[in-house]
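See below for the structure under consideration.
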């Protein structure tokens, strides 16, 4: 069996190809802008990611402990934090949210988020508005806003104490 192909540069924007009603009644250009995955090399060999699905449905930040180097159908695990605002406002804080990604080669990825029950296919290429997503300082600011001890005024379940 031949060795796996090297992945090359993973940094970039990946257009979501799985049908999902994230941008109903939007043009393809708007869908490509608001429904995407952005990957960036992280600190010390890690890989950071950002998921945006629709204007208000899902946003998630995710991080791989080690950046993959070869194409594979193997599931590479990651931790994530994020928000869902579509049917019910939910915040997913802390380090107990997991997912996996398959780096299939030729710019194609498959990704899954456990608590969102979301499985997507995406293709690298159509990158509109990705530049700000590669900023490491902004990523870590957003990540730490979703630490377990953080409090969000919209997260009313955490605001009301049992006296």
Just to be sure, is residue 68 assigned to a loop (DSSP other than H, G, I, E, B), farther than 19 Å from residue 143 by Cα and modelled with pLDDT of 85 or more? yes
When residues of segment 31-48 are limited to those that are surrounded by 18 or more Cβ atoms within 10 Å (Cβ to Cβ) and assigned to a strand (DSSP E or B), the one modelled with the lowest pLDDT: 35
Yes/no for residue 52 being within 23 Å of residue 144 (Cα to Cα), within 11 Å of the chain's Cα centre (by Cα) and at pLDDT 80 or above: yes
Filter segment 7-30 down to residues that are touching a strand residue (DSSP E or B) at 6+ places or on another chain (Cβ under 8 Å) and modelled with pLDDT under 75 and give me whichever is surrounded by the fewest Cβ atoms within 10 Å (Cβ to Cβ). 20
Exactly one of 74, 81 is in contact with a helix residue (DSSP H, G or I) (Cβ under 8 Å, 6 or more places away or on another chain), on the phi < 0 side of the Ramachandran plot and modelled with pLDDT of 75 or more, and that one is 81
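The values are calculated or read from the model by the stated rules, or taken from the named source; none is laboratory data. Just so it is clear, the structure is predicted and the values come from calculations on it, not from any experiment. Here Cβ is always computed from backbone atoms with ideal geometry, including for glycine, and neighbour counts include all displayed protein chains.
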